[in-house]
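Taken together, the values in this text are just the output of simple stated rules run on the coordinates, not laboratory data. If you're wondering where the values come from, they're calculated on a predicted model, not measured in any experiment. Note: ideal-geometry Cβ built from the backbone for every residue, glycine included; neighbour counts use all protein chains shown.
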Amino acid sequence: MRKGSETTHDERFPPPHHQMLRYGIVRTSLPRGALVNASERPGMPSAPHVLIAEDHAAVRELLTTIVARTYPTGTITAVANGAEALAVFQERGADLLITDYAMPIMTGLALIQTLRAQQVTLPILVVSMNTAIAEVVLDAGATRFLPKPFSLPELQQTLINLLPP
């Protein structure tokens with residue numbers, strides 16, 4: 001490791017690559033295993049990105065609030081259907097996906113099937129009032145099914161189990 005600079009990186013890895021995205025956002029790509037700062041935990045995101053796909057605005061707001069309380073340094077993207085979630089995931093990725101089952105344009109099931117067909121391994125939480133679909137979404141690749149209505153502590157504990165803060 002080199003010392004004396006603001007950011008330290010392991011010289012066995014090439015320096016980070018910066019890419020300017022829309023809206024002035026800069027994406028930095030580091031080789032797998034490279035450390036940005038020696039105090040960071042390797043392989044652990046310091047600020048997780050949680051993607052929420054829920055067509056009901058009130059439920060989407062509730063999920064956003066609980067996620068923000070669970071991951072105060074994280075980023076949250078909340079969209080109204082699976083197609084929007086897929087587009088966001090392809091552009092930005094995510095560390096956790098929370099999706100409803102029944103949504104317009106692209107269902108939660110179709111979203112799960114599409115992501116798993118692309119070998120995406122992120123944890124996926126499906127929330128739905130329809131408990132009959134639990135086995136179907138789990139077989140398709142969802143990590144966990146949580147029936148609506150759920151208690152807020154139950155949701156928060158499920159989030160922590162899927163993606164420790």
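Amide H to amide H distances under 5 Å link I52 with T77, A78, V79, I98, where only residues 5 or more positions off or on other chains count and H is placed in the peptide plane.
The amide H of M103, built 1.01 Å from its N in the peptide plane, has G108 as neighbours under 5 Å, considering only residues 5 or more places off or on other chains. Can you list which of the chymotrypsin sites (Phe, Trp or Tyr not before Pro) found in segment 70-165 are DSSP loop residues with at most 15 other C-beta atoms within 10 Å? Here the chymotrypsin sites (Phe, Trp or Tyr not before Pro) that fit, given the DSSP loop and packing criteria, are F150.
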